[in-house]
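Pasting in a structure now, in structure tokens, and then I'll have a few things to ask.
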Amino acid sequence: MQASTHLVRGNFAIEISKGRVFPCFGEVKQRSLTLNRNFCIRSGSTCSGSRSGDVSMGAGLVRAKNGIEIAVRSSVKTRSIKAQASGGDIEDLTPFNPQAKSSGAVLPFVGVACLGAMLFGYHLGVVNGALEYLSKDLGIPENTVMQGWIVSTLLAGATVGSFTGGTLADKFGRTKTFQLDAIPLIIGAFLTATAQTVQTMIIGRFLAGIGIGISSAIVPLYISEISPTEIRGALGSINQLFICIGILAALVAGLPLAGNPLWWRTMFGVAIVPAILLAVGMAFSPESPRWLFQQGKIPEAEKAIRTLYGKERVAEVMYELRTAGQGSTEQEAGWFDLFSSRYWKVVSVGAALFLFQQLAGINAVVYYSTAVFRSAGIASDVAASALVGASNVFGSAIASSLMDRQGRKSLLMTSFSGMAASMLLLSLSFTWKVLAPYSGTLAVVGTVLYVLSFSLGAGPVPALLLPEIFASRIRAKAVALSLGTHWISNFVIGLYFLSVVNKFGISSVYLGFAGVCALAVLYIAGNVVETKGRSLEEIELALNPTT
């Protein structure tokens, strides 16, 4: 009789047979397991009675969800293991009890990592209010091309940094990569604050861009890998919240500019402080247990788990890492592995989400909201932009509370739908003559609603979802590739947005953004899977079965 083992992991049942690991969906009742044999996922195939056929990773999870009622009770139910030996005897192994009060502390280390996210937002937003004043100071007040380069050089650097961040994170670990990241952030902030020429400003912006590009890759990666499953969504969305706080801080920092035209130098210079704090904080932060496990550093991984979750959960988390197993049996993935048939489908989802996020117009709104408000007749344009930043923070805070309840996919669809409606409102406010007397008010209201909708899903979810759906051996590089798509599209929009507006008009551009948002809703409905309530190892087993 063939020996087999059935393992209960949250709402997954995992069957180990003939040395292979198959994730199967079943029901857990009173610490015992009853497998629903009418549906399971085995190496990319679906089994229904005697029928089987190849299905995509998205269809597999969707059918599983439709086939059973999914209730996520990982944080309140005891997880048990029962092994059935070849002689039919049942051996009860030590049960995991996540109900025990944890003596670890994840939140402080998430907070340290989010300093990188805050700098991400700050460097993106700081040029918004300062552009007019620094252009006069540097002698390019009428040169819109050079102004566009000052805006977009940051994004070119971020593209380089996002790819570099994935490689560094795989080679040196997450915490050391944060410390290396602080170097271009500090130097870039210093050069931009002290620049006397356009060339120095562009070099400083490029270095700062490299820094925020690395941050954009490793902040969500690190948070995802150190967060407990039951609150991973909430903690992951804090990344976006701090990006929004950084943007808001940059907009608020621009308020004194009207009375002090040279204040823009101080605005750029203060970014040195959080960069130093990030480097120092990471010296005391634990490394990702998942990265340590992949490197074969088991004692260090157990130590990190004790720090993050408490000694009570060391056995449980180590068991999950061993269950996934890929880190110890397969070599680290190369860049070309991302385009293999095994991984490309899930990698393409990550790239598409960031492409939609940028082509939907968010950074055009952030960069140029001041100019848009001014053209609409708003007197206090900097204050109006600060209102946009506050809306971003408010929406991100709401998203944090909804992420683990509503799920990632539903928030994405709601978000892009709201963005499409807001962009349509903005477009009509500039074209309908009957709305002309209210164009200023509608410009602010539409922009605020757009940013609020963005912050509920399109902003926080892609950076959270990607580390969840990527297999451990490709996670850092796949996140970097997706963010490379983000920064390239971001760069193009930042460079050409004003020129396109001058050629086609703001109304037509906003109408185009609305169309992109509508397409995003259709794409998400057909390709994105729900990941709430599942551990990273469970998701990996389901979406990336071992070969």
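May I ask you to say which residue of 420, 399 is within 30 Å of residue 228 (Cβ to Cβ), touching a residue at least 12 places away in the same chain (Cβ under 8 Å), assigned by the TED database to the domain that holds residue 351 and touching a helix residue (DSSP H, G or I) at 6+ places or on another chain (Cβ under 8 Å)?
Only one candidate qualifies: 399.
Looking only at region 287-303, which residues are within 27 Å of residue 186 (Cβ to Cβ) and either open to solvent by less than 20 Å² (accessible area, probe 1.4 Å) or not in a loop (DSSP other than H, G, I, E, B) (or both)?
Of everything in region 287-303, those that are within 27 Å of residue 186 (Cβ to Cβ) and either open to solvent by less than 20 Å² (accessible area, probe 1.4 Å) or not in a loop (DSSP other than H, G, I, E, B) (or both) turn out to be 288, 291.
Where in region 438-541 are there helices (runs of 4 or more DSSP H), lying wholly inside it, with at least 2 residues that are among the small types (Gly, Ala, Ser) and closer than 24 Å to residue 237 by Cβ?
Qualifying helices (runs of 4 or more DSSP H): 475-504, 506-527.
Out of 284, 268, report the one residue that is surrounded by fewer than 16 Cβ atoms within 10 Å (Cβ to Cβ) and either of a type in the set (D, E, K, R) or over 22 Å from the mean Cα position of the chain (by Cα) (or both).
It is 284.
Table: residues versus (1) in contact with a strand residue (DSSP E or B) (Cβ under 9 Å, 6 or more places away or on another chain); (2) open to solvent by 20 Å² or more (accessible area, probe 1.4 Å); (3) at pLDDT 95 or above.
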site: 155; (1), (2), (3): no, no, no
site: 161; (1), (2), (3): no, no, no
site: 164; (1), (2), (3): no, yes, no
site: 168; (1), (2), (3): no, yes, no
site: 174; (1), (2), (3): no, no, no
site: 185; (1), (2), (3): no, no, yes
site: 188; (1), (2), (3): no, no, yes
site: 191; (1), (2), (3): no, yes, yes
site: 198; (1), (2), (3): no, no, no
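I would also like to ask the following. For region 341-383, what are the residues that are among the small types (Gly, Ala, Ser), in contact with a helix residue (DSSP H, G or I) (Cβ under 9 Å, 6 or more places away or on another chain), open to solvent by 10 Å² or more (accessible area, probe 1.4 Å) and at pLDDT 75 or above?
348, 351, 352
What pairs come out if I take residues in region 183-196 that are assigned by the TED database to the domain that holds residue 136 and pair them with residues that are of a type in the set (Gly, Ala, Ser) and open to solvent by 80 Å² or more (accessible area, probe 1.4 Å) whose C-beta lies under 9 Å away, six or more apart or interchain?
none
Here is a list of conditions, (1) surrounded by fewer than 19 Cβ atoms within 10 Å (Cβ to Cβ); (2) over 28 Å from residue 204 (Cα atoms); (3) more than 24 Å from the chain's Cα centre (by Cα); (4) at pLDDT below 90, and residue 313 meets all of them except one; can you say which number that is?
Tallying (1) surrounded by fewer than 19 Cβ atoms within 10 Å (Cβ to Cβ); (2) over 28 Å from residue 204 (Cα atoms); (3) more than 24 Å from the chain's Cα centre (by Cα); (4) at pLDDT below 90, residue 313 fails exactly one: (1).
Would you say residue 262 is open to solvent by 10 Å² or more (accessible area, probe 1.4 Å), more than 19 Å from residue 169 (Cα to Cα) and either basic (Lys, Arg) or at pLDDT below 95 (or both)?
yes
Report yes if residue 137 is within 25 Å of residue 266 (Cβ to Cβ), acidic (Asp, Glu), at pLDDT 85 or above and in the same structural domain as residue 181 (by the TED database), otherwise no.
yes
Here are some residues: 519, 498. Which one is within 21 Å of residue 457 (Cα to Cα) and open to solvent by 50 Å² or more (accessible area, probe 1.4 Å)?
Only one candidate passes the filter, namely 519.
When only residues in region 334-348 that are over 16 Å from residue 469 (Cα atoms) and assigned to a helix (DSSP H, G or I) count, which is farthest from the chain's Cα centre (by Cα)?
By that ranking, first place goes to 336.
Residues to consider are 493, 524; find the one that is crowded, with 17+ Cβ neighbours inside 10 Å and under 18 Å from residue 147 (Cβ atoms).
Answer to the check: 493.
In the set 143, 128, which member is touching a Leu at 6+ places or on another chain (Cβ under 8 Å) and polar (S, T, N, Q)?
128
Could you list all residues from region 384-398 that are open to solvent by 30 Å² or more (accessible area, probe 1.4 Å), over 17 Å from the mean Cα position of the chain (by Cα) and at pLDDT below 85?
387, 390
How many residues does region 399-439 hold that are more than 14 Å from residue 516 (Cβ to Cβ), among the hydroxyl-bearing types (Ser, Thr, Tyr) and open to solvent by less than 30 Å² (accessible area, probe 1.4 Å)?
Total satisfying the criteria: 3.
Same structure, new question: Take the conditions under 19 Å from residue 486 (Cβ atoms) and not aromatic (Phe, Trp, Tyr) and apply them to residue 164. Does it pass?
yes
Is it the case, given these coordinates, that residue 435 is assigned to a helix (DSSP H, G or I), without any contact (Cβ under 8 Å) to a residue 40 or more places away in the chain and not β-branched (Val, Ile, Thr)?
When the stated conditions are applied, residue 435 passes them.
The values are calculated or read from the model by the stated rules, or taken from the named source; none is laboratory data. Computed from a predicted model, the values in this text were never measured in an experiment. Ideal geometry is used to build each Cβ from the backbone, glycine not excepted, and the neighbour counts take in all protein chains shown. In case anyone asks, the SASA skips ligands and DNA or RNA and just uses the protein heavy atoms, side chains included. Shrake-Rupley method; radii C 1.70, N 1.55, O 1.52, S 1.80 Å.
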